[in-house]
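No lab work stands behind these numbers, since they all come straight from the coordinates. These numbers were taken from a predicted model, which means no experiment stands behind them. Neighbour counts are summed over all protein chains in view; Cβ atoms, including those assigned to glycine, are modelled from backbone coordinates with ideal geometry.
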Amino acid sequence: MTDLNHTEGILARYAGPTELLTAARRVAEAGYRKFDCHSPFPIHGMDEAMRLKRSPLGFMVGIAAFAGAGLAILLQGWASAIDYPLIISGKPFFSYQAFMPVTFGLAVLLGAFTAVFGMLALNRLPRFNHAVFHSERFSQVTRDAFFISIESSDLLFDMEKTPALLRETGALEVELLSEPPQD
């Protein structure tokens, strides 16, 4: 077996999506938190099985969009009513109707930037290296394989108990993931 100091995690292969969903539920019930499920397509109910919380990204995008809209209204209102007031065609200095295209544009712009960069931050991306990429079997995940990976940094990770749990859940193959040899 591989030394725990060099073990990055464990990878278990399952026969299909139903087995993967059941195994994810059992791994989450056992108390593991640093694990992920890999499949060639989304599986309905996987988030609940893994006990994942709802993403805060929608809330973040909403706040950014409202902040962008508010910033646009304030900037245009200040520019047209305070800094450089001009009476044009009898309109009031603060003519908010004329501000709507820029307000909408800035709301969408800040919301979009928050969505992209928030998603990258919440997913901890870019991550150029992960333990599962050291496995030859893992290349099948995009075609017809279903995997669970558990990171060795999980507080419950144990060299004997974790593989035994995965075998109990119906894993076809269990593989320890370690660092590749350095040249």
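What to note about this one:
- Among 122-130, 39-47, 156-164, the peptide with the highest mean count of other Cβ atoms within 10 Å heads the list, and the full ranking is 156-164, 39-47, 122-130.
- Note on A115 and A81: the extension gain reaches 9.0 nm, defined as 0.36 nm multiplied by sequence separation minus the Cα-Cα distance.
- Convex hull volume per residue in cubic angstrom - Cα atoms of region 1-98: 208 Å³
- For the chain, the spread of Cα positions along the three principal axes, ordered from largest to smallest, is 82, 41, 31 Å.
- Label positions at D47 and E179, each projected 7 Å from the Cα along the C-beta direction, are separated by 3.6 nm.
- Computed E for H6/L71 - FRET, C-beta separation, R0 41 angstrom, nearest 0.05: 0.20
- Counted by neighbouring Cβ atoms within 10 Å, the residues L74, L155 run from fewest to most as L155, L74.
- Between V102 and F59, the contour length at 0.36 nm per residue exceeds the Cα-Cα span by 13.2 nm.
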